[in-house]
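Below is one structure; the comments refer to it alone.
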Amino acid sequence: MTRSATNKPDSEGIKKEFTFRFYAELNDFLTLNRKQKAFVHAFKTPITVRETIESLGVPLSEVDMILVNGTSADFEHKLSECDYISVYPVFETLDVSVITKVRKTALRTTLFVVDTHLGKLAKYLRMLGFDTLYRSDIGDDEIIAVAKKEKRIILTRDKSLLRSKEISHGYFVRSTEKHEQLREVVDKFDLRSQFKSFTRCITCNTSLVKTDKEEIRNRVEEDIFRIFNAFFYCKQCDKLYWKGSHFKRMETYIRDLI
């Protein structure tokens with residue numbers, strides 16, 4: 001869908017038409033009649049790319065690249081009548097830093113903070129070795145603050161949370177099933193090469209320390225002490241971990257993910 005450009009200057013407060021095309025999972029935030037196709041929408045001008053995307057209900061934190069008439073643009077780019085705006089989702093698996101003007105750098109250190117709806121996902125991510133902050137009572141304001149301070153990716157089932165202008169990296173988890181949620185996040189952020197399974201406490205997120213077997217003789221049952229040789233300790237929770245049947249089940253699942 002194309003329209004001829006005009007050289008007339010924008011008049012203050014006059015509605016003008018623009019054509020938008022949102023790609024891939026960004027369509028999840030659009031109404032049905034706008035999904036997976038170009039559509040025309042009128043806005044009062046002058047107006048920026050940021051203002052139009054926010055008005056259409058798409059969180060800026062899920063946007064990684066914007067093209068206006070085929071040329072890369074940032075959020076503050078002022079639109080002209082008949083502009084064609086193409087909006088692309090976060091490319092964590094592809095470095096678009098030489099093209100995009102939306103972000104200064106890609107977020108390559110993978111740290112997460114998850115909302116209260118994703119407790120199981122948090123445990124699974126920790127099991128894979130990812131630094132993942134989660135509390136059952138954590139609020140939206142705290143999630144945003146810690147994500148901004150520690151450069152963490154927000155994972156949420158709350159679309160409204162991602163609309164905050166303070167968020168630079170966030171992702172709306174589509175699946176409602178815990179195993180599929182893990183697979184979705186692993187695929188989305190291309191995490192397979194970063195797996196460091198069973199190096200982090202699934203309860204509190206603290207890194208585990210391998211401990212001498214003799215030091216924990218009196219803390220485990222005799223059969224467990226006899227069968228297993230490797231034990232890992234969480235200083236925060238004062239918990240011991242060993243590679244028992246639960247470990248083997250999860251190891252099989254992780255191998256399937258890989």
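The values are calculated or read from the model by the stated rules, or taken from the named source; none is laboratory data. The shown structure was predicted, so the numbers you read here are calculated from the model rather than taken from an experiment. Heads up, the Cβs are rebuilt from the backbone with ideal geometry, glycines too, and the neighbour counts pull from every protein chain shown.
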- Any strands (runs of 3 or more DSSP E) falling wholly within segment 1-92 and containing at least 3 residues that are within 27 Å of ASP190 (Cβ to Cβ) and either touching a helix residue (DSSP H, G or I) at 6+ places or on another chain (Cβ under 9 Å) or modelled with pLDDT under 90 (or both): 63-68, 84-89
- Task: Please go through segment 18-65 and pick out each residue that is of a type in the set (Ser, Thr, Tyr), free of Cβ contacts under 8 Å to residues at least 60 places away in the same chain and under 18 Å from VAL102 (Cα atoms).
- Result: THR48, THR52, SER55
- Query: Out of curiosity, is LYS159 closer than 30 Å to LYS15 by Cα and either out of contact with any Leu (no Cβ under 6 Å at 6 or more places or on another chain) or at pLDDT 90 or above (or both)?
  - Reply: yes
- Note on the structure: Restricting attention to segment 66-85, the residues that are among the β-branched types (Val, Ile, Thr) and without any contact (Cβ under 8 Å) to a residue 24 or more places away in the chain number exactly 2
- Task: Just need a number here: residues in segment 204-258 that are surrounded by 11 or more Cβ atoms within 10 Å (Cβ to Cβ), without any contact (Cβ under 8 Å) to a residue 40 or more places away in the chain, among the hydroxyl-bearing types (Ser, Thr, Tyr) and outside any strand (DSSP E or B).
- Result: 1
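Let's see how each residue does on (1) polar (S, T, N, Q); (2) outside any strand (DSSP E or B); (3) at pLDDT 95 or above; (4) outside the structural domain of VAL49 (by TED's automatic domain parsing):
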residue: SER136; (1), (2), (3), (4): yes, yes, no, yes
residue: ILE143; (1), (2), (3), (4): no, yes, yes, yes
residue: LYS148; (1), (2), (3), (4): no, yes, no, yes
residue: GLU166; (1), (2), (3), (4): no, yes, no, yes
- Query: What are the residues in segment 177-196 that are in contact (Cβ under 8 Å) with a residue 12 or more places away in the chain, loosely packed, with under 15 Cβ neighbours inside 10 Å and assigned to a loop (DSSP other than H, G, I, E, B), if any?
  - Reply: ASP190, LYS196
